[in-house]
1. Is one or more of the residues making up region 438-450 hydroxyl-bearing (Ser, Thr, Tyr) and under 17 Å from Gly407 (Cα atoms)?
2. Applying the selection to region 99-128, what residues are among the β-branched types (Val, Ile, Thr) and touching a Ser or Thr at 6+ places or on another chain (Cβ under 7 Å)?
3. Taking the criterion of being touching a His at 6+ places or on another chain (Cβ under 6 Å) and more than 25 Å from Met128 (Cα to Cα), would at least one residue in region 292-306 satisfy it?
4. How many residues are in contact (Cβ under 8 Å) with a residue 60 or more places away in the chain and surrounded by fewer than 12 Cβ atoms within 10 Å (Cβ to Cβ) when one looks only at region 98-112?
5. I'm trying to understand the selection: among the residues of region 487-534, which are assigned to a loop (DSSP other than H, G, I, E, B) and closer than 19 Å to Arg140 by Cα?
6. Evaluate the following for Pro361: is it closer than 25 Å to Leu418 by Cα and not β-branched (Val, Ile, Thr)?
7. Please specify each residue of region 295-326 satisfying the condition of being without any contact (Cβ under 8 Å) to a residue 40 or more places away in the chain, under 23 Å from Asp412 (Cα atoms) and surrounded by fewer than 21 Cβ atoms within 10 Å (Cβ to Cβ).
8. Here are the criteria: (1) surrounded by fewer than 11 Cβ atoms within 10 Å (Cβ to Cβ); (2) over 30 Å from Val441 (Cβ atoms). Tell me which single one Ser355 does not satisfy.
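The values are calculated or read from the model by the stated rules, or taken from the named source; none is laboratory data. These numbers were taken from a predicted model, which means no experiment stands behind them. Heads up, the Cβs are rebuilt from the backbone with ideal geometry, glycines too, and the neighbour counts pull from every protein chain shown. With ligands, DNA and RNA removed, areas are computed over all heavy atoms of the protein, side chains included. Shrake-Rupley method; radii C 1.70, N 1.55, O 1.52, S 1.80 Å.
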Amino acid sequence: LRKAGVRKLLEGWQSADAKTTAGRHCVISANGVLGLILLQQRLRRPTLITEMTETFRKLSDAHRRQLDLEHTVVDERTYDRVWSAIMRLIKLLDEFPGRRDKILSQAEFAVVIAERDSEDCLMRRERMFTLANSLIEGSRQLLPRTLRDASEGNVAIDATFVPLYGKTGNPSPTNPHGKRWSANHDGGWYRREGSHGAVTHADADMMNKIEGSKAYSGTAPGKRMWGVEIEIARATANYAGFPDQFPLLTHAVSFHIPGAIVGEGARLVESLHERGHPINLVIVDRAYSNGLYGQYAVPVRLLGGKNVFTYRDSDLGEQAFDVRGFVQISGSWYLDTLPKVLREADRVILAARNSYKRSKPTGSRKAPETSEQVKKRKQAHADWLLAATLYKTQFAQRAKSLLRPKGRMDADWTRRYLVPIDSPDYAKWKAQPAAHQSVTVMMKRPEGKEAELANAGGLKHEQHFCFGGEEWTRANGMRNGVESVNRSLKRSQYEDIADPDKRAIRGNTFTYLVVAVATVVENLRQIINFYKRHLAVKTVTPKNNRLPSVFWQDPDRTPGQDLAGLPPDIPPL
């Protein structure tokens, strides 16, 4: 908390919101109750008021001073004081103010929406983002500089769903008509596919009727869940280097209603940049690459990021053309003399892979395959292997006509490329009437009507490595790290953010707070595990990983000293 500078942030916001300096001093401060939430998560206990009150009662006076909890009297008023402190903390950060004491009628919900000030809500949204990422940065700052500097700045970004209390859900927040079904009325419907946003069939019918359109379609009950969405930027290993050089921590988070906010990926990278992190490979799935180029691809590149992402199946192959004699194929630029078979190589290998996947039996209770099904599956597998072998040859052949990027994108969006003058097709290409004659070509920012195209100037689909190659495959594989932290945060034996019953305080903001603190606790666990791996003097197993004798110790050194000067048989950090 001290590394994060939380107390200064909270006190500054409290001063900005205060209408007067008069009034009774609070018994438990916002900073103190945030420390209590952090302790509760670290102890793997539910963040319920009753449970936090019990933890508070068990603290010694020294513990309370350490956590900035000035209140020392423990009696029946402690519960109310913890509750009041949490409510004051939420009020500082609440993007969705309004009553949550009951399930609201249509009229009551309309009053809540009407009383919200959009600028004030946005300001508090920014506060929540700042607090969460300050906490995360505080956990990262616990590492010595040598470990922080060991990372070359690669991150993977992904979103994960966090359910809200109340299984019934609600009408969509964008549909103010109708009675609410839950006191958590500011969540949203989530679905795994597409943009993750979803609406009920009733919502879709209502909104289409109001707007006189057919723009909305409902999502089946079995495919939607009620809650919020969390975006996580997780450090990955260096692209080339020794394994386990530093702990792989979460470096940034953001929060929003499912499908309701765009630009969060770039916002996370911007936060890292503002905090002085190096920005290198930024690895995402197609949910990000499918957005508008001005909301993700370009902002990330302007900050120095090197995009690595996948595409929708329909986006593979030819993506853009340049009249000077260039064609964009699956995110990379080539001479336009490239034959059709090489342009479509990515689509062909994908079709062969998908055909093999469809031939495999599905379902948890698989019926025995017939001889005909086995025959088809084996043939599909053989076709896929043959296509994969051919693809490697085609990929190498296509690379001979590849334009090589030079430097990073300029502030005016200009990109420089080197023309492949050693390509076997170069002489033929250069002889074309409109062919670019210099060995260096500038790709400029698209203007006018061209700028309105989804992939204007190729900006949406451009990425650092050639899609499908060994370099791209290696980099894209590092995205597994962010999916791993999503699973870790949701495991019941750890932070268990997938269980809303453990944080029953209503509203999105308390869930945001708990998830931010849970991410910090997960970072602490990763740091501890990193040190344990490096200090192990014998094989570590689940049976012995908590025994002190398994790890190197020096009785002459006191806790808190740096780990320089380890014995020769211990790997250097």
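1. Initial filter on region 438-450 (hydroxyl-bearing (Ser, Thr, Tyr)): 438, 440.
Those left that are additionally under 17 Å from Gly407 (Cα atoms): 440.
Yes, because at least one residue in region 438-450 is hydroxyl-bearing (Ser, Thr, Tyr) and under 17 Å from Gly407 (Cα atoms).
2. Just the residues of region 99-128 that are among the β-branched types (Val, Ile, Thr), to begin with: 103, 111-113.
Passing the criteria: only Ile103.
3. Going through region 292-306, the residues touching a His at 6+ places or on another chain (Cβ under 6 Å) turn out to be 303, 306.
Among the residues that remain, those that are also more than 25 Å from Met128 (Cα to Cα) are: 306.
Checked region 292-306: at least one residue is touching a His at 6+ places or on another chain (Cβ under 6 Å) and more than 25 Å from Met128 (Cα to Cα).
4. Selection size over region 98-112: 2.
5. Just the residues of region 487-534 that are assigned to a loop (DSSP other than H, G, I, E, B), to begin with: 491-499, 503-507.
Selection gives Glu495 alone.
6. Details: closer than 25 Å to Leu418 by Cα: no; not β-branched (Val, Ile, Thr): yes.
Judged against the criteria, Pro361 is not a match.
7. Those that are without any contact (Cβ under 8 Å) to a residue 40 or more places away in the chain, under 23 Å from Asp412 (Cα atoms) and surrounded by fewer than 21 Cβ atoms within 10 Å (Cβ to Cβ): Gln295, Pro299, Leu303, Phe321.
8. Condition not satisfied by Ser355: (1).
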